[in-house]
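This report refers to the structure that appears directly beneath it.
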Amino acid sequence: MVKVWLADITPLLEESVYQQYYRELPAWRREKADKYRFARDRAQSAGVWCLWSRARERYGLPEETVYNLSHSGKYVLCAFSDRIGTKVGCDIEEMKEFREPVARRFFCQREYEHIMGNAEADRAQIFYRYWVLKESFMKATRKGMALDLGAFEIGWDEAQGPVLVRKPEEYPEEYIYREYTAEGVNARIAVCTTDTEIDGELHVTQLQS
C-alpha cells in the first residue's frame, strides 16, 4: 500500500532549527541543500528528507523501499509503497494564479479545453489539479520533466476521479491516482502509482523546533 505524509517546513526557516535538521541529513543531501541560495529552498530540501526519514523509521521500511518526494512553498510531501518493485510519484503545488499560457502550450487539447470550459474563478483550481496529476505520473515513470506533458492525457471517470486515458507505450503498467486535501493547506496534492492500493488518509505531521 502507498502511504502519503505531509509537513509544514516553516519552523526550519529559523536558522537554529534548520541546523538541527541539517545535522540529520546524509552527506550527499547536505551537499544538495548547500547549493541553494535562499533559506526556504534549503528548508525544503532538508525538511522533505527528514519527513521521509521519520516515515521510514516509523514503519521500519527497508533501504529498497520505493518512495518519492515533493515540495512547494512551505509544504513538503513524501509518498512510499511497502511493495517492492512498484512505481510511485507524488506532487504538491501551492495554488496561485491560473497560468493560461502554460496550459495552452503544454497540456493536451482536451485538458486545455476542459479548463477553459469552466468559470474563470474555477480555472486556477482545475489547472493546478491537472498539474499535480501530470507531474506525479511523470515522476512515477522516473523520467520527470524529460517526459513531454503532451505525451499522456488525464481524463475523468463517472465520479470525476482522475484516470490516464492515454500514455506512452513504454509504460504498459496500470497507473492509478489518489488526490488529497488538508484543512488550511492551499495546495493541490496527487499521487500516481502502479501499486493497487493507496491509503486514503493524508498523514499530516509536524517538524518541530
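Among the residues of the range 58-70, count how many are within 20 Å of Glu179 (Cα to Cα), surrounded by fewer than 20 Cβ atoms within 10 Å (Cβ to Cβ) and out of contact with any Phe, Trp or Tyr (no Cβ under 7 Å at 6 or more places or on another chain).
Summing the residues that are within 20 Å of Glu179 (Cα to Cα), surrounded by fewer than 20 Cβ atoms within 10 Å (Cβ to Cβ) and out of contact with any Phe, Trp or Tyr (no Cβ under 7 Å at 6 or more places or on another chain) in the range 58-70 gives 0.
Take the residues in the range 107-158 that are among the hydrophobic types (A, V, I, L, M, F, W, C) and farther than 22 Å from Glu174 by Cα, then tell me which one is surrounded by the most Cβ atoms within 10 Å (Cβ to Cβ).
The qualifying residue surrounded by the most Cβ atoms within 10 Å (Cβ to Cβ) is Phe127.
Between residues in the range 35-58 that are in contact (Cβ under 8 Å) with a residue 40 or more places away in the chain and residues that are open to solvent by less than 50 Å² (accessible area, probe 1.4 Å) and assigned to a helix (DSSP H, G or I), which pairs lie under 8 Å by C-beta distance while being six or more apart or on different chains?
Listed pairs, sorted by first residue: Gly47/Leu12; Gly47/Tyr21; Cys50/Tyr21.
Matching residues to (1) over 25 Å from Tyr130 (Cβ atoms); (2) among the charged types (D, E, K, R); (3) out of contact with any helix residue (DSSP H, G or I) (no Cβ under 9 Å at 6 or more places or on another chain); (4) buried (at least 22 other Cβ atoms within 10 Å of the Cβ):
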position: Val17; (1), (2), (3), (4): yes, no, no, no
position: Arg37; (1), (2), (3), (4): yes, yes, yes, no
position: Ser45; (1), (2), (3), (4): yes, no, no, yes
position: Ser72; (1), (2), (3), (4): no, no, no, no
position: Ser81; (1), (2), (3), (4): no, no, yes, yes
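Test each condition in (1) charged (D, E, K, R); (2) more than 30 Å from Tyr21 (Cα to Cα); (3) buried (at least 19 other Cβ atoms within 10 Å of the Cβ); (4) within 19 Å of the chain's Cα centre (by Cα) for Lys87 and report the one that comes out false.
Exception for Lys87: condition (2).
Counting only residues that are hydroxyl-bearing (Ser, Thr, Tyr) and touching a Ser or Thr at 6+ places or on another chain (Cβ under 9 Å), which one in the range 133-181 is nearest to Ala7 (Cα to Cα)?
Across the range 133-181, the extreme among qualifying residues is Ser136.
Report the residue count in the range 197-209 for those that are outside any loop (DSSP other than H, G, I, E, B) and surrounded by fewer than 12 Cβ atoms within 10 Å (Cβ to Cβ).
Here the count works out to 3.
Give the residue, chosen from Arg188, Arg178, that is within 17 Å of the chain's Cα centre (by Cα), closer than 23 Å to Arg58 by Cβ and crowded, with 16+ Cβ neighbours inside 10 Å.
Arg178
Out of all the residues in the range 83-103, is one or more farther than 27 Å from Val165 by Cβ, touching an Asp or Glu at 6+ places or on another chain (Cβ under 8 Å) and not acidic (Asp, Glu)?
Scanning the range 83-103, I find at least one residue that is farther than 27 Å from Val165 by Cβ, touching an Asp or Glu at 6+ places or on another chain (Cβ under 8 Å) and not acidic (Asp, Glu), so the answer is yes.
The values are calculated or read from the model by the stated rules, or taken from the named source; none is laboratory data. Keep in mind that this is a model prediction, so the values were computed, not measured. Because the Cβ atoms are built from the backbone with ideal geometry, glycine has one as well, and the counts that use them run over all protein chains shown. Protein only, heavy atoms only, side chains kept; ligands, DNA and RNA dropped before computing areas. Shrake-Rupley method; radii C 1.70, N 1.55, O 1.52, S 1.80 Å.
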